[in-house]
Amino acid sequence: MTSIVANSDLIVRAAASDDAQHIAAIFAHYVTSTTVTFELEPPTVQDWQDKVRESQSAGRPFIVGMVSGQVMGYAYVGPWRLKPAYRHTVEDSVYLAPGRTGRGYGRALLTELLARAAGAGARQVIAVIADTGHPASVRLHQGAGFEQAGRLRQVGFKHGRWIDTLLLQRDLSAEPAGPRSPRAAP
């Protein structure tokens with residue numbers, strides 16, 4: 001689906017294999033320069049192509065945000081855990097290119113992702129957020145209705161420091177199916 005977000009130059013659509021190069025570049029910044037992800041080596045373009053394909057095959061949303069024809073962010077849900085009883089619970093990820101934060105793009109991507117996840121049968125969404133002292137991701141998720149569900153202390157070690165993670169959760173069981181944006185198409 002392609003969605004136009006009201007009052008914005010952002011276009012949200014399903015990710016395609018060709019987007020993997022841009023997704024890889026966005027994520028590589030966070031891997032190498034920050035502690036918001038616990039990855040230590042950036043995944044390759046092929047890794048991202050595989051992840052997009054796997055998400056689509058499993059019926060899970062993986063979307064990109066486009067501004068002026070360029071991928072400026074992405075969001076997807078993956079399995080929370082692999083045991084079958086968890087099949088209706090997913091974990092979300094939202095990343096924006098450096099310089100694209102603070103403009104509402106993250107909120108638009110997360111809003112669309114949650115609507116598509118609900119439409120795909122997800123009932124619970126878990127956000128695992130590194131508690132690095134920068135609250136933007138927590139604020140983004142709380143603004144989308146997530147509530148804090150717990151803290152895991154000193155579970156990640158990166159760039160010479162131990163980092164906690166916050167667990168936030170959102171119930172989607174009462175969500176309407178389908179995208180929330182004003183216009184949607186495949």
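The values are calculated or read from the model by the stated rules, or taken from the named source; none is laboratory data. As the structure is a computational prediction, the values presented were derived from the model and not from experiment. Counting neighbours? That spans all protein chains shown, and the Cβs are built from the backbone with ideal geometry, glycine included.
Annotations for the structure displayed:
- Every test in (1) surrounded by fewer than 19 Cβ atoms within 10 Å (Cβ to Cβ); (2) at pLDDT below 95; (3) more than 22 Å from residue 137 (Cα to Cα) is passed by residue 8 save one, and that test is (3).
- One residue stands out among those in segment 74-101 that are in contact (Cβ under 8 Å) with a residue 12 or more places away in the chain and assigned to a loop (DSSP other than H, G, I, E, B): the one that is farthest from residue 22 (Cα to Cα), which is 88.
- Note on segment 133-152: residues that are buried (at least 18 other Cβ atoms within 10 Å of the Cβ) and at pLDDT below 95 total 0.
- Filter result for residue 109 (touching a helix residue (DSSP H, G or I) at 6+ places or on another chain (Cβ under 7 Å) and surrounded by 15 or more Cβ atoms within 10 Å (Cβ to Cβ)): no
- Put simply, of 69, 99, 78, 59 the only residue that is at pLDDT below 95 and more than 17 Å from residue 28 (Cα to Cα) is 69.
- Filter result (in contact (Cβ under 8 Å) with a residue 24 or more places away in the chain, of a type outside the set (Phe, Trp, Tyr) and closer than 29 Å to residue 58 by Cβ) within segment 137-162: 137, 138, 140, 141, 142, 143, 144, 145, 156, 158
- Selection count, segment 6-55, where residues are of a type in the set (Gly, Ala, Ser), under 28 Å from residue 159 (Cα atoms) and in contact with a Phe, Trp or Tyr (Cβ under 9 Å, 6 or more places away or on another chain): 2
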